[in-house]
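The values are calculated or read from the model by the stated rules, or taken from the named source; none is laboratory data. Small disclaimer: the values here were computed from a predicted structure and weren't measured. No Cβ is skipped: glycine too gets one built from the backbone with ideal geometry, and neighbour counts run over all protein chains shown.
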Amino acid sequence: MWVSRLARHLAAMIAVIVLGGLLAATMVRLAPGFDVDESQLDPRLSPETVAAMKAEKAGQRNIAHFYARFLGRALRGDLGESQTLKQPVRQLITERLPATARLAGAGLLAAWILAFGMAVTAAMTRSRSLDLTTTVLSGAFLCVPAAVLGLLTIIARSPAFLAIACVIFPKLFRYCRNLLTDSYEKPHVIMARAKGLSGTRVLVWHVLPACARPMFALAGVSVSLALGACIPVEALCGIPGIGQLAWQAAIGRDLPLLVTLTVLVTVITLAANSSSDMASQALRAEGR
Amino acid sequence: MRAVRYFAGAVLVFAALACVFTSFIAPADYATQFREAPSAAPSRHHLLGTDDLGRDSFSRLLYGTRVSLLLAPAAALISTLLAALVGGIAGYVGGVTRKVAMAVTDLFLSMPWLFLLIIVRAMLPLNVSPGTSVAVTFLLLGLLGWAASARVVAAEVQAIRGSDFMLQAKASGISSWRLLARHIPPNLRPVLFAQFWISIPVFILSEANLGILGLGVAEPLPSWGSLLRELESFVSFGDQPWRFVPLLLLILVVSSFQVFLSREEVQA
């Protein structure tokens, strides 16, 4: 039963990934000025070189042809060469992925610790002043663009992961607080408290298990949020990661790099969401 | 809480009035250069000083507010209408149509919003006139920001379609088109309003992100994004603190929208 479900899930994931890549390739191809390259106007280039450059672009004119070739090569591990950075895409991604993983990982960890800690404290103490303070704090972060947070970390000379944490924290906090508050109002929790169970015991044994499934779903979404925040933060803080690469590829209209990055980001997002879904389903099965 | 809502409402009304009367309030045009006073500190002539090119920062802030505040609701309207169309058809027709529409929606949602926005924005020419860049930026926000709302609308339309009054209307012999045109929209209105309000602050922040990355509204036309880009040259918080005014205004306006948003969500 679960094997067929997993197979269906994987098939859907692959379809979304392939379609995502095709969408990116189509968008780049249809973009105005796709065939125009400033370097072709360089008077120092010979007619043969210009012709070779045009022939290289001509190979990318047919979207279906380009994408089929891209997928075929990708299956063999060849992701092509970046047109702007003149390096193999695979090498670029391999070099830059660790920086993004570190940045996003540290940001996610900090955001989860802060959001979960504050949400638990607010829900357990039920202090109105604390609730107001945390709500105002998370609301303030919610109103600042990720790029500004990146700039502020530079001005304050603080680590860049704090900008990622500040982007994710308000969304996590609001959701966690609402979940915990709802759980604390459930009849079995009220009964447990009325029977005199300690606050910690009520939290660990009765409140958190009820919130676990939506929290797993939130964990999947938070990965996508962190990836999105990495683009402005890395671009502005000068961190050589995937986010900065995506920005450079977008500015340079680098087709092979853009398509690969779109596929990569879609894979990471879907993998995170699917993992959280499966963990959530496993919890439900265990609950049964 | 009511006092906070009144304050938020006052902020939004004040900002809207400032947008409408920008031409009367602003002491100078957004592109006028005072070459004798580049990077000047606040003074009687220049309330917020001038930028590196000698342009009056207060005037640019007012014009930037007008660009961001008038066009973000326009983009929100486009995205809400698209969400109503896609979500409405998916929820009402159901079956394969729903599956296809939701697959497309999932595809849009599977990529981080900012990533999608940057990729698509960069596909369009960057060297365009300021007016075109404004239209392109906010049109993109509207055309790409419908996916999350479409999911909510589809679920709501499906719920309305299965409701008792719809069954009774169908049993009375009312045609499908009449049901779709006369009975669903009034019940869908609260959800659409909520989605519209939710989208406005999201689009304001997205434009700011694009502007800071150099992919937003083109110079010399100001927007909150391009005004915040000036923070890039800062070295410390004490260095020209008046340059943070656009950021404070952005936070104030977006948080005012958030306060209204919570009310709309409750009503929806």
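Within the set B:VAL254, B:VAL217, the sole residue that is touching a Gly at 6+ places or on another chain (Cβ under 7 Å), closer than 17 Å to B:VAL202 by Cα, among the aliphatic types (A, V, I, L, M) and at pLDDT 80 or above turns out to be B:VAL217.
Within the stretch B:39-49, does at least one residue satisfy the condition of being outside any helix (DSSP H, G or I) and touching a Pro at 6+ places or on another chain (Cβ under 6 Å)? Break it down into steps so the answer makes sense when it comes.
Step one: of the stretch B:39-49, the residues outside any helix (DSSP H, G or I) are B:39-49.
Remaining after also requiring touching a Pro at 6+ places or on another chain (Cβ under 6 Å): B:48-49.
Looking for residues that are outside any helix (DSSP H, G or I) and touching a Pro at 6+ places or on another chain (Cβ under 6 Å), one finds at least one in the stretch B:39-49, hence yes.
Here the stretch B:93-128 is the region considered, the condition is being within 18 Å of A:GLY243 (Cα to Cα) and outside any helix (DSSP H, G or I), and the residue that is nearest to the other protein chains (Cβ to nearest Cβ) is B:PRO112. Cβ-Cβ distances below 7 Å connect the following pairs, each with a first residue in the stretch A:219-230 that is touching a residue at least 12 places away in the same chain (Cβ under 8 Å) and more than 9 Å from chain B (Cβ to nearest Cβ), a second residue that is surrounded by 24 or more Cβ atoms within 10 Å (Cβ to Cβ) and of a type in the set (Val, Ile, Thr), and a separation of six or more residues or different chains: A:SER222/A:ILE168; A:VAL223/A:THR269.
Within the stretch B:182-200, is there a residue that is crowded, with 19+ Cβ neighbours inside 10 Å, in contact (Cβ under 8 Å) with a residue 40 or more places away in the chain and under 21 Å from A:ILE231 (Cβ atoms)? So far as the stretch B:182-200 goes, yes, one or more of its residues are crowded, with 19+ Cβ neighbours inside 10 Å, in contact (Cβ under 8 Å) with a residue 40 or more places away in the chain and under 21 Å from A:ILE231 (Cβ atoms). Summed over the stretch B:204-218, residues that are more than 10 Å from chain A (Cβ to nearest Cβ) and surrounded by fewer than 24 Cβ atoms within 10 Å (Cβ to Cβ) total 1.
Annotation: of all residues in the stretch A:134-153 being touching a residue at least 60 places away in the same chain (Cβ under 8 Å), facing another protein chain (nearest Cβ under 10 Å) and farther than 14 Å from B:PHE244 by Cβ, the one that is surrounded by the most Cβ atoms within 10 Å (Cβ to Cβ) is A:GLY150.
Of all residue pairs spaced 6 or more apart or on separate chains, those with beta-carbon atoms under 7 Å, a first member in the stretch B:243-262 that is more than 7 Å from chain A (Cβ to nearest Cβ) and a second member that is of a type in the set (Lys, Arg) are B:VAL259/B:ARG5. If I filter the stretch A:263-282 for residues that are touching a Phe, Trp or Tyr at 6+ places or on another chain (Cβ under 8 Å) and within 11 Å of chain B (Cβ to nearest Cβ), do I get at least one hit? Yes.
Somewhere in the stretch B:221-242, is a residue more than 14 Å from chain A (Cβ to nearest Cβ), free of Cβ contacts under 8 Å to residues at least 60 places away in the same chain, hydrophobic (A, V, I, L, M, F, W, C) and surrounded by fewer than 17 Cβ atoms within 10 Å (Cβ to Cβ)? Scanning the stretch B:221-242, I find no residue that is more than 14 Å from chain A (Cβ to nearest Cβ), free of Cβ contacts under 8 Å to residues at least 60 places away in the same chain, hydrophobic (A, V, I, L, M, F, W, C) and surrounded by fewer than 17 Cβ atoms within 10 Å (Cβ to Cβ), so the answer is no.
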